[in-house]
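Peer 1: So that we are looking at the same thing, I have put the structure below in structure tokens.
The values are calculated or read from the model by the stated rules, or taken from the named source; none is laboratory data. These numbers come from a predicted model, not from an experiment. Ideal geometry is used to build each Cβ from the backbone, glycine not excepted, and the neighbour counts take in all protein chains shown. Note: areas computed on protein heavy atoms with side chains; ligands, DNA, RNA excluded. Shrake-Rupley method; radii C 1.70, N 1.55, O 1.52, S 1.80 Å.
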Amino acid sequence: MVNPDLTSPYTRVWIPDPDEVWRSAELTKDYKEGEKSLQLKLEDETGVFERGVILGMLPFLPQDVEMWAEVSSDSQFHLQLLLQLEIREYPVDAQNNQLPFLRNPDILVGENDLTALSYLHEPAVLHNLKVRFLESNHIYTYCGIVLVAINPYEQLPIYGQDVIYAYSGQNMGDMDPHIFAVAEEAYKQMA
């Protein structure tokens, strides 16, 4: 039986990618059980994106990018990219009914507890950890009572005496995930 969430256009999914492991895509056409492929567009290949002021070197650009530069009133160059809409066919394994994983709603991206995600699978977990680490600089994330840590390979100012005092006496879910929250909870459970 096909997941009913995967049968309509604009459904957001994860597809395997040899370079990025998982890529976000969106269905462009209804999927009906028995079809051999899904029609998808990759989410990072549509629309107009402003890359900001050009300050020397241009960032890496995909080969299929159409671009132009315009001069604003303050004489700074702005680079805008118009990426061509590219519809891709994603093969479906009919025997195993292997369909792509569904994406979580945007409101859940960056959650501090992975168990709060609507869909808990490999691409959702990896994406959530990536967002928390790269965009929010949080190295800790809960998965229920388990603390997941990403090694930042640098010293962080998150282990000082003031942080210890902040977590002292707090319940585990009251503050952002941290090793001190787990230690405080363990200490309470011993008493």
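Peer 1: Every residue in the range 91-122 that is of a type in the set (Phe, Trp, Tyr) and either loosely packed, with under 13 Cβ neighbours inside 10 Å or without any contact (Cβ under 8 Å) to a residue 60 or more places away in the chain (or both), please.
Peer 2: Answer for the range 91-122, where residues must be of a type in the set (Phe, Trp, Tyr) and either loosely packed, with under 13 Cβ neighbours inside 10 Å or without any contact (Cβ under 8 Å) to a residue 60 or more places away in the chain (or both): just Tyr119.
Peer 1: Pairs under 6 Å by beta carbon, first residue at negative phi in the range 124-135, partner open to solvent by 20 Å² or more (accessible area, probe 1.4 Å), six or more apart or different chains?
Peer 2: Final answer for the pair search is Val131/Val109; Val131/Gly110; Arg132/Gly110; Arg132/His138; Phe133/Ile150.
Peer 1: Given the structure, is His138 surrounded by 13 or more Cβ atoms within 10 Å (Cβ to Cβ) and in a loop (DSSP other than H, G, I, E, B)?
Peer 2: It is true that His138 is surrounded by 13 or more Cβ atoms within 10 Å (Cβ to Cβ) and in a loop (DSSP other than H, G, I, E, B).
Peer 1: Can you find a residue in the range 32-47 that is modelled with pLDDT under 70, out of contact with any Phe, Trp or Tyr (no Cβ under 8 Å at 6 or more places or on another chain), open to solvent by 60 Å² or more (accessible area, probe 1.4 Å) and over 24 Å from Arg132 (Cβ atoms)?
Peer 2: Scanning the range 32-47, I find no residue that is modelled with pLDDT under 70, out of contact with any Phe, Trp or Tyr (no Cβ under 8 Å at 6 or more places or on another chain), open to solvent by 60 Å² or more (accessible area, probe 1.4 Å) and over 24 Å from Arg132 (Cβ atoms), so the answer is no.
Peer 1: Still on this structure, please answer the following. Under 7 Å by Cβ, and 6 or more places apart or on different chains, what pairs join a residue from the range 141-152 that is not assigned by the TED database to the domain that holds Ala116 with one that is buried (at least 17 other Cβ atoms within 10 Å of the Cβ)?
Peer 2: Close Cβ pairs satisfying both conditions: none exist.
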